[in-house]
Structures are given as C-alpha cells and as structure tokens.
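Reviewing the structure listed below.
The values are calculated or read from the model by the stated rules, or taken from the named source; none is laboratory data. The model shown is predicted, which means the values in this text are computed figures rather than measured ones. No Cβ is skipped: glycine too gets one built from the backbone with ideal geometry, and neighbour counts run over all protein chains shown.
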Amino acid sequence: MRLSACLPALALVTLIAGCARQEAGLSAADILALKEQLAAAQTQAQRAEDWTQVANLQASYGFYVDKMRWDDVADLFTPNATLEIAGRGLFIGQDRIRTYLKALGTFEYGTLYNHTQLQPVIHIADDGASAKARWRSIIQVAHLGKDARWGEATYENEYMKLDGKWRISKLHSFITYYIPFDKGWDKGGNPLPQQLGDLKPDAPPTVQYGAYPEVFVPPYHYDNPVTGRKFEP
C-alpha cells in the first residue's frame, strides 16, 4: 500500500493514542468522532490501494497483449467475464475469452503487437468490491513484409475483486481508428473487422458504430466531474 494513502489513518492513530494518555480531557462524543474519522481514513486509504491495483491490472493486461501471452491475459478475467473488441461481437466467459485471444495468433519473428495502456479514469465502487475504468490504447500492429497499422482503442471496462484480488469482469474495446502506417490519417482508415476468422461470437456487438472517418464517441461510464452533466451521444 502506498505510504501517502496511509498517512491520514496513521495520523489519526497517533492522535487517538495521544488522546488516550489524556483521557480526562476527552468526552465520549470526542472519542466517537475520532473513531469515525479513523474509519473514514482507513476507507480512503483502501480506495487508493484499490485504484493502484486496478491500474496495475490493466497495465499488466497491456504488456501481456503486446507479446501475445494469451493465457496470461485470459487469467486476468473473472470466470463469467465478457470481452468485446471492435465489431467482432461479444464473447462470454473466461474459457471463450481464452479461445478468442488464441485465435489472434502467436508472437513470432516479424510480429509487432503493441497496445499501450494510457489515460486511466478509474472509479472504485462504494462497497470496494467492483470498479469501472476508461482507458486509451495506442496500437501499433505489423507483420514483417505484409502490413503495418496504427490504431486507437478506447476501453470502457469493469472489474471485480475476487478472493482479495482485482480481475477484469468486462472488457469493451472501442476501436476508433485503424490506419495503414504508410498512408496516414488524411487518407481515411480501415473499416472495423466484423469477425475473427471463422470464430463465431456468443452474441452480436452490444454497440453498433464505425471507426474513423466515421464520427463516434465511446460512451462514458461517468458524469462530468465538475458539472455532473451526463453523457449524451
């Protein structure tokens, strides 16, 4: 746990210990107020630790995807998780997610598959057992002598804490553009892939959209943090 997250709780513990030595000067209401402050500080510290663990989980996902370590990726999901990438439909359950991932191929000579995970907006639920997060992934994909592409994915993900460990319960990757490396953004982009080879999804895509040059804003899981305004497409 980060020290900065623990400092409020440590300060209150120190204060309560000091007050205990001066018991005569404390009323029952004072002691109750201190206990409530300590509980709030402990919750705040735990939420900060949860935030860090969710961020590390998603970063780990990215590094494993980069090297196409599909079993390591699949192990990050809950047993009943869902996965949806581009226009390929919905895959339900950890086993089906593993099947989908392995259909993407293997990491070998001449393969580039970078999916850098950036710009997290993470919200831990009040009960500390689930979370939602929005991420941006900058994608570099290439096969030597065949093709090279830039891409961007906006993730709207959900997470659950199982047996004390955070895992991905829903991964939805909205691909906003795929661009041939040698042509650039001003020449348009590739359409969204609609299926991965012969692999059929468990359900159709939950959101119908098109990638650049089409106009689409992946929906936000959160309201505007200043105004409270809800997202409207």
* Asked: Got at least one residue in the stretch 168-175 being touching a Lys or Arg at 6+ places or on another chain (Cβ under 8 Å) and in a strand (DSSP E or B)?
  -> no
Scanning the stretch 182-230 residue by residue, those closer than 24 Å to Trp150 by Cα, exposed (fewer than 12 other Cβ atoms within 10 Å of the Cβ) and under 22 Å from the mean Cα position of the chain (by Cα) turn out to be Gln208
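State whether the residues of the stretch 178-193 include one that is polar (S, T, N, Q), at pLDDT 95 or above and either over 30 Å from Trp51 (Cα atoms) or part of a loop (DSSP other than H, G, I, E, B) (or both).
Taking every residue of the stretch 178-193 in turn, none turns out to be polar (S, T, N, Q), at pLDDT 95 or above and either over 30 Å from Trp51 (Cα atoms) or part of a loop (DSSP other than H, G, I, E, B) (or both).
Could you pull out every one of the helices (runs of 4 or more DSSP H) wholly within the stretch 1-118 that has 1 or more residues that are at pLDDT 95 or above, aromatic (Phe, Trp, Tyr) and surrounded by 13 or more Cβ atoms within 10 Å (Cβ to Cβ)? Quick ask: steps written out before the conclusion?
On the way: elements: 3-20, 28-66, 70-74, 94-102.
Here the list reads 28-66, 70-74, 94-102.
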(1) more than 22 Å from Ala48 (Cβ to Cβ); (2) surrounded by fewer than 12 Cβ atoms within 10 Å (Cβ to Cβ); (3) modelled with pLDDT of 95 or more; (4) of a type in the set (Lys, Arg) all hold for Lys165 apart from (1)
